[in-house]
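Read through the structure below, which is laid out as structure tokens, and then see the notes.
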Amino acid sequence: MVSLTGKTAVCALIVAIFVALVDSARAVIPRKAPPHQASWLCIHRYEGSWTDPGAPYYGGLQMDWNFMWTYGRWFLRHLGTADHWTPHQQMWVAERAWKKRGFYPWPNTARWCGLI
């Protein structure tokens, strides 16, 4: 079994691979990585898989329909629910929400990660 530190490293590696593979698709992938990437990786550890299709919450950061529509409308229209987005896209959308709402959408895990 992989330790939590190992899981974080694996998640970071996956994010880096996705970013490298889609570097030429700048219209789809935002150009600037979220500044709180480590925070999102911590929250992801307690939320779900990046490809979690479980309604009513989708993706590694457990976004519901309203959240996806409000902060990731383009991705929702063109790629479907967050479980079809790359981890980088999910983190970018979460970063947009964080700027307006803080870690409110993830209160328990933010507390576990020492973010609030």
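Under the condition of being more than 12 Å from the chain's Cα centre (by Cα) and of a type in the set (D, E, K, R), which residue from the range 90-116 is farthest from Tyr71 (Cα to Cα)? Within the range 90-116, the match that is farthest from Tyr71 (Cα to Cα) is Arg111. The helices (runs of 4 or more DSSP H) falling completely within the range 29-116 that include 1 or more residues that are touching a strand residue (DSSP E or B) at 6+ places or on another chain (Cβ under 9 Å), modelled with pLDDT of 85 or more and not hydrophobic (A, V, I, L, M, F, W, C) map to 65-71, 87-101.
Total residues in the range 67-102 satisfying the condition of being crowded, with 19+ Cβ neighbours inside 10 Å and either of a type in the set (A, V, I, L, M, F, W, C) or free of Cβ contacts under 8 Å to residues at least 40 places away in the same chain (or both): the figure is 16.
The values are calculated or read from the model by the stated rules, or taken from the named source; none is laboratory data. Every value quoted in this text rests on a predicted model; they were computed, and no experiment measured them. Glycine also receives a Cβ, built like all others from the backbone with ideal geometry; neighbour counts cover every protein chain displayed.
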